[in-house]
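The values are calculated or read from the model by the stated rules, or taken from the named source; none is laboratory data. Predicted model only: the values in this text are computed from it and were never measured. Ideal geometry is used to build each Cβ from the backbone, glycine not excepted, and the neighbour counts take in all protein chains shown. These area figures cover heavy atoms from the full protein model, side chains too; ligands, DNA and RNA do not enter into them. Shrake-Rupley method; radii C 1.70, N 1.55, O 1.52, S 1.80 Å.
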Amino acid sequence: VLRITLAVAGFRREDLDITVEDKQLVIRGRQQDDKGREYLHRGIAARQFQRTFVLADGIEVRAADLDNGLLAIDLVRHEPERLVRKIDIGAGKP
């Protein structure tokens, strides 16, 4: 089992989007502006972001969890089945 952990303080579950597109794990964060507030400064938690990870063959996303500002994505690597096949040696051309 492999794990990717991202610090996403200030983002809620509904602000995050995780997809797999053509062997790429794409994580997007987007927050809605609070129109009723006027900000003097907005930190990194208020910005949009996108992170992309290329997944190797056999890697599959198992689960994702958000806890205390940390997004943890668990990946699993499937081992390819070993295919053993006996090849007969022929006496010549048919």
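Key figures
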quantity: Rel. contact order, % - alpha carbon contacts under 8 angstrom, at least six apart, the chain; calculated: 34 percent
quantity: Segment 1-82: trypsin sites (Lys or Arg not before Pro) in DSSP loop, at most 14 other beta carbons within 10 Å; calculated: R12, K23, R30, K35, R37, R42, R47, R82
quantity: Per residue, in Å², the accessible surface of the chain once ligands and nucleic acids are set aside, probe 1.4 Å; calculated: 87 Å²
quantity: Carbon and sulfur %, accessible surface of the chain computed with the full protein complex present, 1.4 Å; calculated: 48 percent
quantity: Positive-end extreme of charge dipole, segment 1-42 - chosen from L40, L2, I18 (charges on Cβ); calculated: L2
quantity: Residue-level accessible surface for I87, protein heavy atoms, 1.4 Å, Å²; calculated: 110 Å²
quantity: Under the Debye formula (equal points on every Cα, no solvent term), log10 I(q)/I(0) of the chain at q = 0.10, 0.13 Å⁻¹; calculated: -0.43, -0.59
quantity: Residues whose placed amide H lies under 5 Å from that of L55, excluding near-sequence neighbours; calculated: Q24, L25
